[in-house]
1. What FRET efficiency comes out for K129 versus E101 if R0 is 22 angstrom and r is the Cβ-Cβ distance? Round to the nearest 0.05.
2. What size of dipole, in debye to the nearest 20, comes out for the chain about its Cα centre when the only charges are +1 on Lys and Arg C-beta atoms and -1 on Asp and Glu C-beta atoms?
3. Given H placed on each backbone N at 1.01 Å, which residues far from F137 in sequence or on other chains put an amide H within less than 5 Å of it?
4. Mind listing which trypsin sites (Lys or Arg not before Pro) in the stretch 128-175 are in a DSSP loop and have 11 or fewer other Cβ atoms within 10 Å?
5. With contacts defined as alpha carbon pairs under 8 Å and 6 or more residues apart, what's the relative contact order of the stretch 35-124 in percent?
6. Quick one: of K81/K129; K93/K148; K39/K93, which pairs are farther than 23 Å apart, Cα to Cα?
7. Using the Karplus curve 6.51 cos²θ - 1.76 cosθ + 1.60 with θ = phi - 60°, work out ³J(HN,Hα) for each residue of the stretch 118-123 in order, rounded to whole Hz, and write x for Gly and Pro.
8. Among the aspartates and glutamates, which have Cα under 16 Å from the Cα of K24 when same-chain residues fewer than 8 positions away are ignored?
Amino acid sequence: MDRNKFSSIAHSKHLFSNPISETKINRTIDFLQLEPHAKVLDIGAGKCELLIRLVEKYDIEATAVELYEGSILEAKQQVQKRIPEEKITYIVKDAKQVVSEYVNHFDVGICVGSTHALGSLELTLQSLKRNVKKGGFILVGEGYWKKKPSQAYLEALGGADELELKKHHENVFMG
């Protein structure tokens, strides 16, 4: 199964390709209080809605890393309608190859729902810590089990493993 294609289909009717509500996303955007031309990195940027909103509000410079070109094509359609095209640089490449190129480069590092792109939550946090300047922000959204999943549920997810996700408090502790 092509995980990126499946994700694209699953999120086709959503503005954001993650489970965070639009209200919480907007509160996070307001919290950041970024200076114009701040540099923002989004790993697993999907359709770039978060980056587009950051450009709209703060006039930032964004770098979107997304392996699935279909999502980038959708993002570019929205960008043409809403913001100057040069405000987002698109990198359609494996995130592991990209993050090593940027050390202390960004004011904000984002990875919501895509820590698998860098291998794990721990590896994502380590990478973003290297990518983001001292005093910057790191925004990571990671899935978690609300309760122990049954074997039938894991099988329905295509043979998922219980170890793929942690409990919420374990994610918080890792952060």
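Nothing in this text is a laboratory measurement; each read-out follows from the coordinates by a stated rule. Since the structure is predicted, the reported quantities are computational estimates derived from the model, not experimental observations. Note that each Cβ is placed from the backbone with ideal geometry, even for glycine, and that neighbours are counted across all protein chains shown.
1. Working from the Cβ atoms, E equals 0.90.
2. On the way: 24 positive and 24 negative charges, 71 e Å.
For the chain, the charge dipole is close to 340 debye.
3. V108, G109
4. Sites meeting the loop and neighbour criteria: K146, K147.
5. Numbers: 151 pairs, mean separation 31.8, N = 90.
After rounding, I find 35 percent.
6. Details: K81/K129 33 Å; K93/K148 34 Å; K39/K93 19 Å.
From the list (K81/K129; K93/K148; K39/K93), the Cα-Cα distance tops 23 Å for K81/K129; K93/K148.
7. Per-residue couplings from phi come out as 10, x, 5, 4, 4, 5 Hz.
8. E49, E142
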